[in-house]
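In what follows, a structure is listed as structure tokens, so that the remarks can point back to it.
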Amino acid sequence: MMSMLALTTLSFHGLKLPIPPVRGRALPPMLCDTAEDRLSEYQRLQDQLASAIAAEDYAMAAKLRDQLSSSVMDDQMAILACNTEFYAAFAAGDYSRMDGVWASDEVAVIHPGLPPIYGQENVMSSWRAILQGGGADVSPDEVRCMLIGTSAVVTCLERIPGSLPLAATNVFAKAESGAWRMVLHQAGAASRGE
């Protein structure tokens, strides 16, 4: 069920974050039905901030900065942001970013057509080997997030140009610090053709 929020929103990598009223001023109501929509709006505001800075419109940049800094990220948005960072690191071929997404303890990965790999050191060694050749043109689509206490499951289709999509399952756990980290990534051939 969608609800009217008396908040504006900001985008972050395709997800919208709610923004509380700034300095006591009520902002127009916004209809937000998914965390993905809220982070998308957050990303839009980040883009506007970059444009305002490039145009040397510092009054607008300050306003946008204040809106961004007052945003609140709930668990679902944090999970989806971590999932987005995983795919951004994969696409960029950036091992450091990839390493930052994963939990530091018990983890596993199942790459397409391969047996499971267990343990943080082994999992990250597999990613180091994959990313050595550079990034992959992979993007998540039809992303769904299921939050179960301090764990979450994100399912999606991984779109790769010129290939059939892969079905992926990404499992996240909430660390004691409150940060969400990946503990499992699995991708395999999707049975439905496009």
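Laboratory data are not the source of any read-out in this text; all were calculated from the coordinates shown. This one's a predicted model, so the numbers in the text were calculated from it and none came from an experiment. Cβ sites come from the backbone with ideal geometry, for glycine too, and all protein chains shown count toward neighbours.
Taking label positions 7 Å along the Cα-Cβ direction at both D105 and M60, the computed distance is 4.8 nm, reported to one decimal.
The GluC sites (Glu not before Pro) of region 46-133 that meet both conditions, a loop assignment by DSSP and at most 14 other Cβ atoms within 10 Å of the site Cβ, are E56, E106. The local environment of A59, defined by Cβ-Cβ distances under 13 Å, has a net charge of -1 under the rule Lys, Arg +1 and Asp, Glu -1. Treating each Cα of region 74-194 as one equal point scatterer and applying the Debye formula with no solvent, the log10 of I(q)/I(0) at q = 0.12, 0.20, 0.22 Å⁻¹ comes out as -0.40, -1.17, -1.41.
Taken along the Cα-to-beta-carbon direction at a fixed 7 Å, the label points for M146 and N122 span 2.6 nm.
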